[in-house]
């Protein structure tokens, strides 16, 4: 029996690094410090695994050898005009880097889950930048914590305790020293924790932020209500923002994927920029997948852009709305795809998922998913962060080394190894 | 593999070779006395300039700041794409090039070593990630210590030995190379948005003794303390200091005060403080209206005091991206320019900021800034202590070095620009009256020999037997060319090395990368007495979790993860 400390959790963007895992006979017997999502994953990840590589034949998926599977994937990608590599947010930075290399090799698009989550955050950043900080800064200093369009209690269960409202910092030791505000369109599990819950009308975030900026910078607003909130409430909130010492806005998909999209982010950052006149203020996106931030970082240092990079010209080109995986599928241009550690069929709009199913595509994943059930080729992989090591970036871009605590099942390789095999195969096919 | 460079016109200041026609023999990755001429691969370097590979002492090439800069500015990449070739990975970016392209571009200019000057300890893994994807160059990274709570607490309690042990532990854990200090005290104040404190700090002249709120330490304490730590650990490079008041009119006084605050710690002629991108800290006047050059005053001090080395931070008239660990400065720059702005405060240790910048020739302030950088270089009496940088990408991308060299080597090249800057700017600097022109020997000193020496990289920056076979050959005849007049030809030759040889391998030919190899990563492994280290470590373990949001174990980067890890020992005491 081995007790492994400081295990880095490969689940959500919190990337907690204090998990204690007890291993016996290559099985996880016990986990400590983890949240319910993480504990469930650590204890059950070995169930319902993809047993072996599969290939679709007459509508059924039948087992094949890994060598054959790798060769088939290589063939699909080499023969395509405009292929795409998609996913990798649930994998290591090392696998991600190879993913970019593979996309370059085949002259395709490299894209990741950012396109369906914080893509607008990147677009907002292009416009106005982003004053941000690490989570430890929030822990030590924040006296005003705003969660906007997100639900940490259910999506990032340890966020409050480890990094924000309930954490113990150098300058803020008690819960009473901090104020927590939640802005959302509905009550959630998180809203119970808040000192102030502002329930706004759906799609009205931009209006609320604009109103706050007007109140802070210029003048009174003569409307009676904004975003479904009485104006007095908005003014009260503006005063709260202005009078704190260190404020932070955490924002989620409620902001990025609702009406306004990147304009919401532009407005949120502009609000934070303004607030720095009166208080110290920062903003942090609540990233979902544990290493989606890493995928953005890796893609950026290799190509210059964080997602939706088109390498079909022989150099990186970027124009979200034109070059993302979603866009090229929507237009029916993409003619082959390799999906790694992701389930786009489950998450993309129906029309786009349908287009994906019309083209040859392969899936690399530890577990069956809707995408894997529909794929032409499936290659099972090791679970990164449990069965394979590598690096990951927390939501605040702090990098950590994932640990390997177990051996993967026999014949099962990591994403990094599988992508290397495909890359090697393609190079040998091309001579 | 054996290589023989025949009949090159060699400049090798460490070995006092000044334009001698000679052969350089290479066996494997080292320079040797001789090789078998019949077997060796021969490069005919007749009438060509031969120098050691360039060594850049301060260039932001990797890590969180550079990468956020890339993401911030797609417009920086659109006009500057680098296609994939048989050898090269694709990429692009003018002031924030992608990692692969960064390596190729440096190598194609004849550079073989580049130092990333500022990373937060907690994010050092990111820097090493990018290092793996910067081909050809040897690299290392300085670590930010100037706003570190642990350092401050040790210094305030007068625990110098423990502080040294802590610094050694961090360098070892994160595989860093030297102590970097950025705007000491001010970054912590900015983390509270403490504008009142920052205003006092940015005002002169009593800046060094202002106490940081909630801590009470002063920037003088921090710089002196870390200078002593540096000496205790015998680190190969002196403390690398970005002083207070950067980018503020009148800050030249703070710069002089900063250099002077460690003067009494000097031993012999060895520099114990490196002042970085001094152009940004060389401003006279008291506001942007009476803004003037402070280069003369600074260089008067530097010339007279051997405990100081410095680099320029030259400004180029171009569109670039400023990025620094000096978060408060970038906030001010954002307020000034209203441009897009990124700030990134880092728990316990440091911060950073990024703002795009367009330096314009017809802008009075920018023109004076441009002149200050050149004045610093031209006033310098000792090229062994004054190095050429643009503080890439802050003053401008490193790809502008050939232009900068031509300004130093040709009064005419300078004058062409001086004629076009605002009249008022001319009157605020001494540049127009300066006749000095750098020689090839001085250029070889300031871009190679001296930078390798100040970094303590003994096998670099020269061509003597036993040196690393890192060599650049440029297509010009130093005996024929008159840099003073032929500065355009000079620029062309310096832009595209005829050959760049890295560790005995030809990596660049006719300005194009022909082979991509992995470079080394240098880091310092200080050797601290184990009882001192153990005591410090157990104390550190006690408060690590109180300060950080990562565990002490996960803070350490395993050595197997470092590409071509090359530790350099440093001995305590």
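What follows draws every value from the coordinates through simple rules; no lab data is involved. The shown structure was predicted, so the numbers you read here are calculated from the model rather than taken from an experiment. Virtual Cβ from ideal backbone geometry, glycine too; neighbours counted across all protein chains shown.
Quick notes
- For the residues A:147, A:315, A:305, a GNM of chain A with alpha-carbon springs under 10 Å puts the largest fluctuation on A:315.
- The antiparallel fraction among DSSP beta bridges confined to segment A:172-320 stands at about 30%.
- Relative contact order for segment B:258-305: 21 percent, from Cα pairs under 8 Å spaced at least 6 residues apart, divided by residue count.
- Surface/4 estimate of mean projected area, convex hull on alpha-carbon atoms of the protein assembly as shown, nm²: 39.9
- For segment B:95-231, the spread of Cα positions along the three principal axes, ordered from largest to smallest, is 47, 33, 23 Å.
- Computed helical MRE - 222 nm, chain B, DSSP H runs ≥ 4 contributing -39500 (n - 2.57), nearest 500: -9500 deg cm²/dmol
- Overall, the ratio between the Cα radius of gyration of segment A:274-413 and 2.2 N^0.38 Å, rounded to two decimals, is 1.24.
- Selected from A:105, A:239, A:223 as most flexible by GNM, with chain A as the system and alpha-carbon contacts under 10 Å: A:223
- Relative contact order for chain B, counting Cα pairs under 8 Å that sit 6 or more residues apart, in percent: 21
- Förster-model FRET efficiency, 25 Å R0, residue A:217 and residue A:259, C-beta, rounded to 0.05: 0.60
- Label separation (residue B:199 vs residue B:270): 4.5 nm, computed from points 7 Å beyond Cα along the C-beta direction.
- For q = 0.29, 0.32 Å⁻¹, Debye-computed log10 I/I(0) when each Cα of segment B:1-43 counts as one equal scatterer: -1.00, -1.08
- Segment B:224-324 shape via C-alpha gyration tensor axes, a/c threshold 1.5: prolate
- Evaluated at q = 0.07, 0.12 Å⁻¹, a Debye calculation over the C-alpha positions of chain A (equal weights, vacuum) places log10 I(q)/I(0) at -0.36, -0.99.
- Estimated inter-spin distance, residue B:424 and residue A:370, nm [label 7 Å along Cα→Cβ]: 6.5
- Choice from A:19, A:340, A:215 with maximal GNM fluctuation in chain A (Cα, 10 Å cutoff): A:215
- Diffusion constant of segment A:34-162 at 25 °C, which comes from Stokes-Einstein with the Kirkwood Cα-pair radius and 0.890 mPa s, µm²/s: 128
- With N counted as the residues of segment B:30-157, its alpha-carbon radius of gyration over 2.2 N^0.38 Å works out to 1.38.
- Calculated SAXS-style log₁₀ I(q)/I(0) at q = 0.06, 0.07 Å⁻¹ - chain B, Debye, Cα scatterers: -0.27, -0.37
- Fraction of alpha-carbon pairs over 14 Å apart in segment B:415-460 - percent: 64
- Residues in segment B:151-170 reached by a label modelled at residue B:535 [backbone nitrogen below 13 Å; 7 Å Cα→Cβ]: B:159-166
- Rg/Rh, computed from the Cα trace of segment B:264-376 with Rh as the Kirkwood radius, has the value 1.02.
- Applying D = kT/(6 pi eta Rh) to segment B:421-534, where Rh is the Kirkwood radius over alpha-carbon pairs, T corresponds to 4 °C and eta to 1.567 mPa s, the Stokes-Einstein value obtained is 73 µm²/s.
- Based on the Stokes-Einstein relation at 25 °C and a viscosity of 0.890 mPa s, and on the Kirkwood radius from alpha carbon pairs, segment B:154-302 is assigned a translational diffusion coefficient of 154 µm²/s.
- Fraction of alpha-carbon pairs over 15 Å apart in segment B:15-69 - percent: 67
- Ordered from longest to shortest, the equivalent ellipsoid semi-axes for segment B:223-280 are 22, 11, 9 Å, each the square root of 5 times a Cα gyration tensor eigenvalue.
- Most simply put, the protein assembly as shown has about 45% antiparallel DSSP beta bridges, counting only bridges with both residues inside it.
- Normalised by 2.2 N^0.38 Å, where N is the number of residues, the C-alpha radius of gyration of segment A:127-218 stands at 1.15.
- Percent antiparallel among DSSP beta bridges (both partners in segment B:230-311, rounded to 5): 25
- Across all Cα atoms of segment B:485-550, the radius of gyration (one decimal) and Dmax (whole number) stand at 24.0, 65 Å.
- With R₀ set to 60 Å, the beta-carbon distance separating residue B:362 from residue B:458 gives a calculated FRET efficiency near 0.85.
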